[in-house]
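Quick note: the coordinates plus some simple rules give every number you see, no bench work behind them. Keep in mind that what you see is a predicted model, and the values were worked out from it rather than measured. Positions of Cβ are backbone-derived with ideal geometry, glycine not excepted, and every protein chain shown enters the neighbour counts.
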Amino acid sequence: MKIGPAVRRLLPAGAERKASRLYRSVFVDLGKVAAVLSRALPKDAFVLDIGGGDGDLLNLVLEARPDVRIAMVDIAVSVGKFLEPRYSERVELHPGVAIEDHVLTFAGRYDAAVISDVMHHIPAQYRSGFLLNVVKALRPGGPILIKDVEPGHPIAALGLFCDRYVSGDKNVALISEEQLREMSGVSLPRHTASEIGLLEMDRPNYLVQLQFE
Ligand SMILES: C[S@@+](CC[C@H](N)C(=O)[O-])C[C@H]1O[C@@H](n2cnc3c(N)ncnc32)[C@H](O)[C@@H]1O
C-alpha cells in the first residue's frame, strides 16, 4: 500500500489541500516557483501543463498572470483537484491522457509548456521522447519550462526518499540541470537552454527554460 495516497484519502477535502501544501513546503517554495514561472510565460499564453497533478501550483500562476489560460494533461485519472473554482473557466482538464496521445489532436496548439516535478518520475529512457512530444504540442518558438530538483543536496535526498516510500513511486530518479540541458541538446530541435533563477532562490529546485528557434 502507498502510504501518502492512503493518508490523503482519510482527510476531508480542505484539510487534504492544507496538508499537501505543508508537506510540499519541506521540499519547495511553490510561491517562488510560481513567481519565476509567471515571469517567463509569454503574454496571453495558452499554456500546456503536463503532469499538473492537483493544480495547487497553478492557482498561484493563474493569480499572478490573469492573461494566461492553461490546459492540464496528466496520466493520472484525477487532475486539478485543488484548483480554485474562480479559475475554472481558464483551465481545461485532460485527465488520464499521455502527451503522445494528446498531440495527435492538439499539435501546435500551445504558446508554452510547463513540466513541474514530472521529469524525475519518468524513466530515463523515455525522457527525450516525452520532451519531443511536448515540442510537437507547441507553436513554433514556444518555450518549455521545466522545474525539477538538483541531486546532491539533503533536501533532494529527502524528497527522493519520500517519493519512493511515501508517494510510492519506486522508479523515481533525479535529473540534474546539466543532464537535462545535455539531453535536450542532443534530442530536441535547435534551442537555447538556461536556468532562469529558481536555483538561486530555492535550491535545490531549478527551473530550466528551453527556448526554441
Ligand atoms: C509530483 S506531481 C507534480 C504536480 C505539479 N506539476 C506540481 O509541480 O505541483 C507529478 C505528476 O506528474 C504526473 N506524471 C508522471 N508521469 C507522467 C507522464 N509521463 N505524463 C504526464 N504526467 C505524468 C503524475 O501523474 C503527477 O500528477
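Below are the figures for this structure:
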{"quantity": "Entries in Lys147/Lys170; Lys18/Lys147; Lys32/Lys81; Lys81/Lys136; Lys136/Lys170; Lys43/Lys147 that, when Cα-Cα distance is taken, lie over 25 Å", "calculated": "Lys81/Lys136; Lys136/Lys170"}
{"quantity": "Asp54 long-range amide H proximity, modeled H, under 5 Å", "calculated": "Gly80"}
{"quantity": "J(HN,Hα) series, the stretch 21-34, from Karplus relation 6.51 cos²θ - 1.76 cosθ + 1.60, nearest Hz, glycine and proline x", "calculated": "4, 5, 4, 5, 5, 5, 9, 7, 9, 4, x, 6, 4, 4"}
{"quantity": "Per-peptide average of other Cβ atoms within 10 Å, ordering 80-87, 130-137 highest first", "calculated": "130-137, 80-87"}
{"quantity": "Packing-based order for 195-203, 100-108, using average beta carbon neighbours within 10 Å, highest first", "calculated": "195-203, 100-108"}
{"quantity": "The stretch 203-213 - phi-based ³J(HN,Hα) in whole Hz, Karplus 6.51/-1.76/1.60, Gly and Pro as x", "calculated": "3, x, 7, 10, 9, 9, 9, 9, 10, 8, 7"}
{"quantity": "Charge tally in the Cβ shell below 13 Å around Ala45, where Lys, Arg are +1 and Asp, Glu are -1, Ala45 excluded", "calculated": "+3"}
{"quantity": "Burial order of peptide ranges 184-194, 42-52 (average beta-carbon count within 10 Å, highest first)", "calculated": "42-52, 184-194"}
{"quantity": "Estimated vicinal HN-Hα couplings, Hz - the stretch 135-145 in sequence order (Karplus 6.51, -1.76, 1.60; Gly, Pro = x)", "calculated": "4, 4, 6, 9, 6, x, x, x, x, 10, 10"}
{"quantity": "The chain, relative contact order [Cα under 8 Å, separation at least 6], %", "calculated": "20 percent"}
{"quantity": "Rg over Rh, two decimals, the chain (C-alpha only, Kirkwood Rh)", "calculated": "0.93"}
{"quantity": "Total formal charge among the other residues, if their Cβ is under 14 angstrom from that of Val97, Lys/Arg +1 and Asp/Glu -1", "calculated": "-4"}
{"quantity": "Amide hydrogen neighbours beyond the local backbone of Ala113, cut-off 5 Å, H modeled", "calculated": "Leu48, Ile144, Leu145"}
